[in-house]
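Below: the structure, in structure tokens.
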Amino acid sequence: MVSARKVFDEMPERNRVSWNAMIVGFLRNEFYEQGVEFFREVVRESSVSPDQVSVSSVLSACANMGAVEFGREVHGVVVKHGLETLAYVKNSLMDMYSKCRCFDHTIKLFRIMGDKDRDIVSWNVVTSGCVTNHNFEDACNYFWVMRKEGIRPDEASYSSVLSASASLAALDQGTLIHDQIIKSGFMRSSCVTSSLITMYSKCGNLIDACCVFEENEDRNVVCWTAMIAAYQQHGCVNQVFESFREMLGEGVKPNYITFVSVLSACSHAGLVEEGFELFNSMTKTHGIIPGHEHSACIVDLLGRAGRLDEARRFIESMPIIPHSSIWGALLGACRNHNNLEMGREVAEKLFYLEPNNPGNYVLLSNIYTNNGRLKEADEVRRLMGLNGVRKEPGCSWIDVKNKSIVFTAQDKSHSRTDEIYEILRKLEELIESEGYVSETQFPNGIVEASRENSLWYHSEKLALAFGILTLPVKAPIRIKKNLRTCQHCHTVLKFASCIFGREIVVRDINRFHRFTNGSCSCGDYW
DNA sequence: TTAGGGTTAG
């Protein structure tokens, strides 16, 4: 860029194309701030007025930086120069607002546009914007409306809708879209195949994820990372490392995200030394500066291994200010190892850093409960209420005959409630006869009857019982849950997979669990 | 000289 600038400065005459070429050059090299500054220069000093090329490019830079204030300024420039009628510019404005988390503005502009002006990019901006803003159902709806309007999806449309399907664990929809992709000839797009791998993986279907990967000849780092992440999510640690080695062997350079998955695999497998080796190799060998996600993996790695003091020292020695996710990993470890003293200290930090996150209150309350200190546990729950923080009520979904049935905890609204509860009562007896002792039996011998009772009627167990009642005998039972599944449900589902001889797949807020023959793909680490 | 898309865990 330095040489480009020199050439530009020495030019006897500069026109709109040379100004724009400079802006585009900055952006292509990811010098977003310089690109924006250069645009300012154009507007301020040059006699040449900006056109759709310069504003679209600079809006893309604002989107990448999340710089909504400057984006608004550019919007003003757009109006001043009468560029707002151009589709290219409108799409860029919509995308800028979407990526700057002002999605309402995106939708407003999209509605104003009307059917005639909307092109495939406009639809893709809105669909991907829904995904970015976690409105996955809306993303799918926009995709299907677009199809109804007769617009042919392209790679970007398929990638976004597959990403939404993955987040919703919507396997039927994802499979239907896969068929459409094959028919429309987009299977060669690495962008589409990596989304397909992730969709199948996050829907609990590792075999199809592998098939898509194997059939794809042109594997770039994103495809490899998608496959490595899939193995990691399914608890296949050996395949994670095998794939990682194979990827390096093929000369594909790992990226920031690849390392998150590989480090996470180390953590789940308890491979502390290997994890540190990989973490150190990021900077030394691969030129990637570790970020918060990687540091959280290391804390998790040490925490799971019970090395809590080392985990804390690691955080305190970090060259960056630790993000709440890093302290969160340590609090999770305190919960797993019942470390009340450290748990209290870490929770205090987290209450300050993210006062509205109910998860931290719940974890501290659980630490107290597991130490038999029920009064303090209730006190934490009360504090949570006083601070106006509310835990989202748990819900589980199960699809039966193309209909989605929702259950909440202790739900008795379903017409087959009696049968559902009867199945759970029988399951409880069977599990107890196998010698299972509930985790509500505390070390000091306290058993809390009401808690025990309510644990048995968590939403995923109700969904499980409904699945057993209604699905064919050999069919897998697929359940989705809006929160993390609890220890009790996890244990019961393991037993259930064995007792009923069924594959049970539970997709919770963080990951999914595939229960077969009494064990879970997460290896009991989640 | 221009806009949109894939891979992350807790």
Practice item. Please compute the Cα-Cα pair-distance distribution of the range A:1-118 with 10 Å bins starting at 0, giving whole percents from short to long. Key: 14, 46, 29, 9, 2
Point to revise | Between 0 and 90°, nearest 10: helix A:16-28 axis offset from chain A longest Cα axis | key: 20
Study note, to complete from the structure: The rounded separation in angstrom of the Cα centers of the range A:207-268 and the range A:457-482 is 31
Check your understanding: Which one of A:I151, A:T175, A:V48 has its Cα pushed farthest toward the positive end of the charge dipole of chain A, where Lys and Arg give +1 and Asp and Glu give -1 at the Cβ?
Key -> A:I151
Practice item. Provide the net charge surrounding A:V43, with neighbours chosen by a C-beta distance below 10 Å and charges set as Lys +1, Arg +1, Asp -1, Glu -1. Key: 0
Point to revise | Accessible area expressed per residue, chain A, with surrounding protein chains retained (probe 1.4 Å, Å²) | key: 50
Check your understanding: Of the beta bridges DSSP finds with both residues in chain A, what % are antiparallel, to the nearest 5?
Key -> 80
Revision key, fill the gap. Rounded to the nearest 10 Å², the accessible area of A:D524 using a 1.4 Å probe with every protein chain kept is 80
Exercise for review: Using the Cα centre as the reference, give the magnitude of the dipole from point charges on the C-beta atoms of chain A (Lys, Arg: +1; Asp, Glu: -1; all else neutral), rounded to the nearest 20 debye.
Suggested key: 840
Review point. Using mean Cβ contacts within 10 Å as the protection proxy, how do A:155-164, A:414-423 order, highest first?
Key: A:155-164, A:414-423
Study note, to complete from the structure: Dipole check, chain A, charges on Cβ (K,R +1; D,E -1), about Cα centroid: among A:F314, A:A496, A:S243 the Cα furthest to the positive pole belongs to A:A496
**Study point:** Between 0 and 90°, nearest 10: helix A:340-353 axis offset from chain A longest Cα axis
**Key:** 30
Review point. Of A:M113, A:N91, A:A67, which is farthest on the positive side of the dipole of the range A:1-118, counting Cα position, with +1 on Lys and Arg Cβ, -1 on Asp and Glu Cβ, and the Cα centre as origin?
Key: A:M113
Practice item. Could you list which residues have their amide H under 5 Å from that of A:I477, counting only those 5 or more apart in sequence or on another chain, with H placed in the peptide plane? Key: A:E503, A:I504, A:V505
Check your understanding: Relative to the first principal axis of the alpha-carbon coordinates of chain A, what is the inclination of helix A:32-45, with its axis defined by its Cα atoms, in degrees from 0 to 90 and to the nearest 10?
Key -> 30
Practice item. Can you send over the carbon and sulfur percentage of the accessible area for chain A, probe radius 1.4 Å, protein chains only? Key: 51
Review point. Taking K and R as +1 and D and E as -1, what net charge do the other residues with C-beta under 12 Å from the C-beta of A:F351 add up to?
Key: -1
Point to revise | HN-Hα J in Hz across the range A:185-191 - Karplus 6.51, -1.76, 1.60, θ = phi - 60°, x for Gly and Pro | key: x, 9, 5, 7, 7, 5, 5
Check your understanding: So what does log10 I(q)/I(0) come out to for the range A:173-323 at q = 0.18 Å⁻¹, using the Debye formula with one equal point on every Cα and no solvent?
Key -> -1.02
**Study point:** At most 14 other Cβ within 10 Å, DSSP loop - trypsin sites (Lys or Arg not before Pro), the range A:149-240
**Key:** A:R188
Point to revise | Net charge dipole size for the range A:244-353 [Lys, Arg +1 and Asp, Glu -1 on Cβ; Debye, nearest 20] | key: 120
Study note, to complete from the structure: For chain A the translational diffusion coefficient, Stokes-Einstein from a Kirkwood Rh over Cα pairs at 20 °C and viscosity 1.002 mPa s, in µm²/s, is roughly 82
Practice item. Return the calculated 222 nm mean residue ellipticity for chain A, to the nearest 500 deg cm²/dmol, obtained by summing -39500 (n - 2.57) across DSSP H runs with n ≥ 4 and dividing by the residue count. Key: -20500 deg cm²/dmol
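The values are calculated or read from the model by the stated rules, or taken from the named source; none is laboratory data. None of these values were measured; they are calculated from a predicted model. Glycine also receives a Cβ, built like all others from the backbone with ideal geometry; neighbour counts cover every protein chain displayed. The protein model used for the area step is the full one, side chains on, heavy atoms only, and it has no ligands, DNA or RNA in it. Shrake-Rupley method; radii C 1.70, N 1.55, O 1.52, S 1.80 Å.
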